[in-house]
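The values are calculated or read from the model by the stated rules, or taken from the named source; none is laboratory data. These numbers come from a predicted model, not from an experiment. Neighbour counts run over all protein chains shown; Cβ positions are idealised from the backbone, glycine included.
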Amino acid sequence: MENYKNVTHCLFDMDGLLLDSESVYKTIYNNVVSEYGHKYGGDVAYAVLGRPEMVGFDIIIKHFKLPISIQEFQQKYHQMQHELFVDVRVMPGAERLLRHLYKHKIPIALATSSSAASYELKTKQVKPIFELFHHQVLGGSDPDVKNGKPAPDIFLVAASRFSDNPEPSKCLVFEDAPNGVQAAVSAGMQVVMVPDSNLPKDLTKKATKVIGTLLEFKPEEFGLPPFDD
């Protein structure tokens, strides 16, 4: 078994990790770029993964040389998100892990690049799960998060808002995106990555541990209480 360091607190990304919302993002982005004869995917999709929404819009516009502004892209995005984000499903193992950590009084927090409005829309049908968090840091709206992922700001802010303000080394991050993994590493934290199955393997190398789904996570490897089931 790998020699991982024991942790006391856990930080979670949301899109693509807890919620199957990345597939919705891909659909929306593809709908927008297809209006101009392009297909969304590949390297640009990996570059956008995990970043704040407005940054992602800018990357897509520049990559495809779209003849629209960020604000126009945002308007198209907002028109589609209300319809497509209504029934976002919870990813396998997510609720089990969150409830387990909560039951054993392990402090947990959310650290997502989503804005407050986007967060409310995506979590509307699954509120009880997100009420388990000690706090939520919404990078797209939080003034304390100066720089989005892959900068470490969001995870450092999330850690600082626990009542006992743990050292970064005592925090374990859960992520699905390379930008999020880099943010965690830069923050001085270990990170468990649950990547999309199509993500190139070389984009997972910086993670402390890589697993297929959250169902595969073994808390005891990081000094956390093992599952009861």
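Using the structure shown, decide if residue 206 is assigned to a helix (DSSP H, G or I) and over 15 Å from residue 12 (Cα atoms). Spelling it out, it is not the case that residue 206 is assigned to a helix (DSSP H, G or I) and over 15 Å from residue 12 (Cα atoms). Looking at the range 103-170, none of the helices (runs of 4 or more DSSP H) lying wholly inside it contains 2 or more residues that are touching a Pro at 6+ places or on another chain (Cβ under 6 Å) and more than 21 Å from residue 57 (Cβ to Cβ). When the residues of the range 50-98 are filtered to those that are touching a helix residue (DSSP H, G or I) at 6+ places or on another chain (Cβ under 9 Å) and basic (Lys, Arg), the one that is farthest from residue 141 (Cα to Cα) is 96. Of all residues assigned to the range 212-219, none qualifies as being surrounded by 15 or more Cβ atoms within 10 Å (Cβ to Cβ), β-branched (Val, Ile, Thr) and within 17 Å of the chain's Cα centre (by Cα).
A quick yes/no check of all residues on (1) outside the structural domain of residue 214 (by TED's automatic domain parsing); (2) touching a residue at least 60 places away in the same chain (Cβ under 8 Å); (3) out of contact with any strand residue (DSSP E or B) (no Cβ under 6 Å at 6 or more places or on another chain):
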| position | (1), (2), (3) |
| --- | --- |
| 2 | yes, yes, yes |
| 15 | no, yes, yes |
| 35 | yes, no, yes |
| 48 | yes, no, yes |
| 55 | yes, yes, yes |
| 60 | yes, no, yes |
| 73 | yes, no, yes |
| 95 | no, no, yes |
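Regarding residue 136, is this residue closer than 21 Å to residue 19 by Cα and assigned by TED's automatic domain parsing to the domain that holds residue 13? Yes; evaluated as a whole, the condition is true for this residue. Among the numbered conditions (1) more than 30 Å from residue 229 (Cα to Cα); (2) in contact with a Gly (Cβ under 8 Å, 6 or more places away or on another chain), the only one that residue 137 does not meet is (2). Pick from the range 146-175 the residues that are acidic (Asp, Glu) and surrounded by fewer than 24 Cβ atoms within 10 Å (Cβ to Cβ): which of them is farthest from residue 190 (Cα to Cα)? Going through the qualifying residues, I end up with 164.
For the criterion of being of a type in the set (Val, Ile, Thr), surrounded by 15 or more Cβ atoms within 10 Å (Cβ to Cβ) and more than 26 Å from residue 183 (Cβ to Cβ), residue 68 passes.
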